[in-house]
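The values are calculated or read from the model by the stated rules, or taken from the named source; none is laboratory data. The model shown is predicted, which means the values in this text are computed figures rather than measured ones. Note that we place each Cβ from the backbone using ideal geometry, even for glycine, and neighbour counts take in every protein chain shown.
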Amino acid sequence: MHKSVISTICETISSAKISSSHIVKHVLKAISIAKPPTPKIPIWDARVVIKHLKFVSPDPTSLYEVSRRTAMLLLLASGRRVHDLTLLHCDANHFVDNSDSITLTPTFGSTTDSRSHCQSDWILSAAPERNIDPIFWVRTLKEISDKSRGQKPNLFITTRGPVKPATPTIIGGWVKKVLYEAGIQASPGSFRSAVSSLNWLEKYHINDILN
């Protein structure tokens, strides 16, 4: 950008000469050293949340607590939107338990879905600690909600009142409360940005942190 600006100002001089000028290159290098670009800081640190999840053990018999924990882990592991959790079903066509992994095939409806493209499967691997093991909590959620779910295929259902598929607003409420309990004031919609920012800064995937 700096080269093009200088080239535009110096109309009487060939822009090609300016672009290849050693003096210009040295000046631009000096500017970059004197004022380096500000690194992109995550909205919040996912490692803080993971540490909190490791420390707090949910009641595995509570649909509410298990739903919250499962939602948190799936968002951390995938970097997806809260809305995408409503597309996860646990029927045979969308849920495959392979013992050492679980494959979830989302239904159509993501903001990135189109006639020619659907979001890919979610393939979950086990984590060494139960509190942050997505496989354990997805299985637990499916097991304790099967009776309440009835014919509804949705993995996430309401935990109070008449049983319905959990909406993005409901799931967002669960997630926001867990973030608050971890000491983070942020909206549920910040997950995607926080996870992707951390991946960029640390140069490794969030799954490496979970493991």
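Looking at this structure, is residue 177 part of a helix (DSSP H, G or I), modelled with pLDDT of 90 or more and over 13 Å from the mean Cα position of the chain (by Cα)? Can you show your working first?
Numbers: part of a helix (DSSP H, G or I): yes; modelled with pLDDT of 90 or more: yes; over 13 Å from the mean Cα position of the chain (by Cα): yes.
Yes; evaluated as a whole, the condition is true for this residue.
List the residue pairs whose Cβ atoms are under 8 Å apart, where the first residue sits in region 151-175 and is closer than 20 Å to residue 95 by Cα, the second is among the aromatic types (Phe, Trp, Tyr) and outside any loop (DSSP other than H, G, I, E, B), and the two are 6 or more positions apart or on different chains.
So the pair list comes out as 155/95.
When you scan region 92-120, how many residues do you find that are assigned to a loop (DSSP other than H, G, I, E, B) and surrounded by 13 or more Cβ atoms within 10 Å (Cβ to Cβ)? Spell out how you get there, then give the answer.
First, the residues of region 92-120 that are assigned to a loop (DSSP other than H, G, I, E, B): 92-94, 98-100, 105-120.
Going one step further and asking which of them are surrounded by 13 or more Cβ atoms within 10 Å (Cβ to Cβ), we end up with 94, 105-107, 110, 113, 118-119.
So the count comes out to 8.
Does any residue of region 124-134 turn out to be among the hydrophobic types (A, V, I, L, M, F, W, C) and in a strand (DSSP E or B)?
As a first pass, look at region 124-134 and keep what is among the hydrophobic types (A, V, I, L, M, F, W, C): 124, 126-127, 132.
If we keep only those that are in a strand (DSSP E or B) as well, we get 124.
Yes.
Residue by residue through region 56-82, note down the ones that are surrounded by fewer than 17 Cβ atoms within 10 Å (Cβ to Cβ), touching a residue at least 60 places away in the same chain (Cβ under 8 Å) and of a type outside the set (Ser, Thr, Tyr).
56, 60, listed by residue number.
Could you identify the single residue in 111, 61, 86 that is under 19 Å from the mean Cα position of the chain (by Cα) and either modelled with pLDDT of 85 or more or small (Gly, Ala, Ser) (or both)?
Details: 111 fails: either modelled with pLDDT of 85 or more or small (Gly, Ala, Ser) (or both); 61 fails: under 19 Å from the mean Cα position of the chain (by Cα).
Only one candidate qualifies: 86.
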